[in-house]
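Structure first, commentary second.
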Amino acid sequence: RHGSRRSDDLRAGTMLVFDRGYNSYDWWLRLTCGKVKFVTRLKGDAAYTIIEKREIGDAPRIVRDEVILLNSQIDVGPEARLRRIEAITDDGKDTIVFVTNHLKLAATTIAAVCRDRLGLSPDVRHESRHSWLSGQKCTGQ
């Protein structure tokens, strides 16, 4: 089972950045309950319900900022809330979707964290081109 021991070893306040290959929703919930923050990309076939649409104002390249609940976790309640952030790629031809349990950080910061920590340029969309640093820890806020 992915992450069962790893999430127990992480301190509250730690921020993880990992690829969408690790879409283990139960693990995400364990991280959230342990006050460990994460940022990743959301798979296109993820089933979710939008709880809130946030204002994006003049945030550059941000298309959507939504609070969601994964359909498989609706019964869990508010602690399962996530943010779905959709951003325009650098080339302006596509969008990329990030998900995080960090409800307060600016959407532009979430997108930048994912790009910077994983070496992911938002114009890279094909899994075969990624050389991921899975589970890299970023301490701080």
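All of the numbers you see were taken from the coordinates with simple rules; none came from a lab. From a predicted model like this one, the values you see are computed outputs, not experimental measurements. All Cβ positions, glycine included, derive from the backbone under ideal geometry; neighbour counts span all protein chains shown.
The table that follows gives values for the structure above.
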read-out: Dimensions in Å of region 52-117 - Rg and Dmax from alpha carbons; value: 12.4, 39
read-out: Length gained when the stretch Asp45-Val63 is fully extended (0.36 nm per residue, less Cα-Cα span); value: 4.6 nm
read-out: Protection proxy ranking of 42-55, 91-104 - average other beta-carbon atoms within 10 Å, highest first; value: 91-104, 42-55
